[in-house]
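For reference, the structure discussed in these notes is given below.
The values are calculated or read from the model by the stated rules, or taken from the named source; none is laboratory data. Model, not experiment: these values are computed from the prediction. No Cβ is skipped: glycine too gets one built from the backbone with ideal geometry, and neighbour counts run over all protein chains shown. Note: areas computed on protein heavy atoms with side chains; ligands, DNA, RNA excluded. Shrake-Rupley method; radii C 1.70, N 1.55, O 1.52, S 1.80 Å.
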Amino acid sequence: LKMSWAWFYLTFRLLMAVCLCHAIRAPTRTFKSDLFNFYHSLILADGKETTIHLLKDIPKRYYFVLEEGRAPAPFTITVTPCDVPIEWSILRHKASATFLGKAAHGDHDTQEISKSQKMPSTLSTIFNYKGNSVETYVGMSYYSALYMLVFLSTERDTHITVYLTTDTTSGHLYPELPLDPRIDIIGIGHTTVTLAWKHSPSVLQHRENIQYCLLANEKHNYKSLCAAETAIRSSGMKMPPVLALSLSPYLREPQQVMILSNSELSIINRASGGEVRQICVGTKNTYTVPDLSASTQYYFDVFVVNLLTNASAAYTGTFARTLEEPEPKMTELKDGKVIQVVLDGKKQKLYSLQYQARHKRIQFTFQLCRGQVQVHITKNGKTVASENVSGLRYFSLKGNVLDTYLVQLRSTEQSNSSVKVQVSSHFHKPLFPLLPDSLKIKSFSKLRTCNSVTIAWLGTQEESKYCVYKRRIEEDQVWMELQSADRCAGPISRHRSEKVLCKYFYDINPQRAVTTETIKGLDVGTLYLFDVYLMGPSGIPVRYYSKVVKTRKKC
């Protein structure tokens, strides 16, 4: 006889009262006996994944009923801890058919049953587990019974997901793992690791609804996608639904996603400590993780994800250490010779120069052409200078003949930087010109007209040649021009039509070494870019910082 849900609900409430009376009579209760208290239990949904929040040291109970008419009735329960290890158990309460029949017809009230204790029943623990792995219990019921699941977290507040199903014929909510769920490392480089894994049977059956997602981080492996989400949220990073947008079924191309500390979702190029990188690669079962740091240990996890249900299954995580950065190529510096070095800002690689001294006193000269550069100089392995350079910078050093100097250069910006370098022991023959205190060009707003502007710049105590150039420019070009200007490029790179004039001047008193120039013949209401070049005795130019000035519209 098939029993209705109303009958089971009445039976369940009667059992609640009986078990509560047992608990009240017991003066001292252990945690194990507390597991038998059904009173505060909740119904666990069948065929649906349920998220359960647990408070520390407070057990939470859920129940479900299997009907006798369906016996034997198979069922599976999958529990996924999303953070710390938890304890969970399955308890079965079997009541006799005689009692269930009487209860269905209302022959006894709750008080009578609890006093007489005539209900023949058995209560037993059929499964228990402690840990943070995803665990699945598969069972079979041959008679009507109430089942209780008890969950406990002893470390801190956390949450878990629980999936119960009694329909084992309609397919799997969770994608299937292959018989060998290990991730193989098939290649390791300085900044890359190549991974491979065996295909999930679910991918072969439902290719359009399944994809692989990979997690890479520097801390540890994650046993579930749920655990990775929790870790990212607890670090204060913004977490969109289902870890990242790349799990959308509308995305067919591999997506690279990282949750950054500034709460923005962004495509990444290199990994940072404490961040979790996610790459979803469709149904490919090999992937090379790019843009890693050299000589760093990374942990890799692969999940097969059902795009329709967001359910996932985890492969066995692995880890690998990238290779050490190779020694940078060494360039020999020759006394008195100038070389120009271009530094890659994206890869942040060091550029190394070596020089063996022929005299006790030497001088390094650095002329910054573009960007921002950090200079680090060592003598026989000991640091003698380290700073960011701008404009023209000299380092005068004293040592011994045959001392070995190592110069390391690095761009401090994401864009490329460029610098000219010279080392010389001949202080009396400088290749670079003497520079003023400032390389800024000043314009005078009150002297600006519709057809002319007046600019000024500082000179030095040394007579030098100064050349002025102008060029019309659009407003949307200003930022790019100022950022990309090469301050090492001389007038030879300019068109003849842009030249305004060249002049010589100097002043023994540095306070009076200032010159002005009024540039005429300009167009009304037009934006101009002005440059001044200082030409040294050796012909090496130094470019002042460009100045943008607009002529007046009305005069």
Legend entry - Rounded if a/c under 1.5, otherwise prolate or oblate - region 441-550, Cα gyration tensor axes: oblate
Inset, instruction - With a ≥ b ≥ c taken as the square roots of the eigenvalues of the C-alpha gyration tensor of region 331-424, please select rounded if a/c is under 1.5 and otherwise prolate if a/b is larger than b/c or oblate if it is not? - result: prolate
Inset, instruction - Taking H placed 1.01 Å from N in the peptide plane, check which residues at least 5 places from residue 325 or on another chain put their amide H under 5 Å from its amide H. - result: 295
Inset, instruction - Treat each spin label as a single point 7 Å out from the Cα along the C-beta direction, and report the residue 493 to residue 205 distance in nm. - result: 6.4
Inset, instruction - Using the structure shown, list the pairs from 130/219; 442/470; 198/284 with a Cα-Cα distance above 18 Å, or answer none. - result: 130/219
Inset, instruction - Only residues of region 418-449 count here: report those whose backbone N is under 12 Å from the spot 7 Å along Cα→Cβ of residue 462, or say none. - result: 427-436
Legend entry - residue 226 accessible area, 1.4 Å probe, all protein chains in place, Å² to nearest 10: 20
Inset, instruction - Could you tell me the accessible area of residue 406 in Å² (1.4 Å probe, neighbours in place), rounded to the nearest ten? - result: 40
Inset, instruction - Would you kindly state how much longer the chain becomes between residue 295 and residue 444 on full extension, computed as 0.36 nm times their sequence separation minus their alpha carbon distance, in nm to one decimal? - result: 48.1 nm
Legend entry - Solvent-accessible area per residue, Å², over region 404-555 with all protein chains present [probe radius 1.4 Å]: 55
Legend entry - Per-pair calculated FRET efficiency, R0 = 51 Å: residue 516 and residue 354 via Cβ, rounded to 0.05: 0.65
Inset, instruction - Of the options 477, 549, 454, report the single residue whose Cα projects farthest towards the positive end of the charge dipole of region 441-550 (beta-carbon charges: Lys, Arg +1; Asp, Glu -1). - result: 454
Inset, instruction - Please arrange 472, 543 by accessible surface area, largest first, computed with a 1.4 Å probe and ligands excluded. - result: 472, 543
Inset, instruction - May I ask you to evaluate 6.51 cos²θ - 1.76 cosθ + 1.60, the Karplus curve with θ = phi - 60°, for each residue of region 527-532 and list the ³J(HN,Hα) values in order in whole Hz, giving x for glycine and proline? - result: 8, 10, 10, 10, 10, 10
Inset, instruction - Could you tell me the number of lysine pairs in region 331-424 with C-alpha atoms less than 19 Å from each other, where the two lysines are 8 or more residues apart or belong to different chains? - result: 12
Legend entry - In sequence order, calculated HN-Hα J values of region 534-548 (Karplus, 6.51, -1.76, 1.60; Hz; x Gly/Pro): 9, 9, x, x, 8, x, 6, x, 10, 9, 5, 5, 4, 10, 9
Legend entry - region 162-227 shape via C-alpha gyration tensor axes, a/c threshold 1.5: prolate
Inset, instruction - Sort 445-451, 531-537, 484-490 for me by packing, meaning the mean count of neighbouring Cβ atoms within 10 Å per residue, highest on top. - result: 531-537, 484-490, 445-451
Inset, instruction - Taking the Cβ of residue 497 as the centre, find all other residues whose Cβ is under 15 Å away and add up their charges (Lys, Arg: +1; Asp, Glu: -1). - result: +3
Inset, instruction - In debye, nearest 20, what is the charge dipole magnitude of region 441-550 about its Cα centre with +1 on Lys and Arg Cβ and -1 on Asp and Glu Cβ, if you could check? - result: 260
Legend entry - Heavy-atom accessible area ranking, 1.4 Å probe, most first, across 420, 360, 520: 520, 360, 420
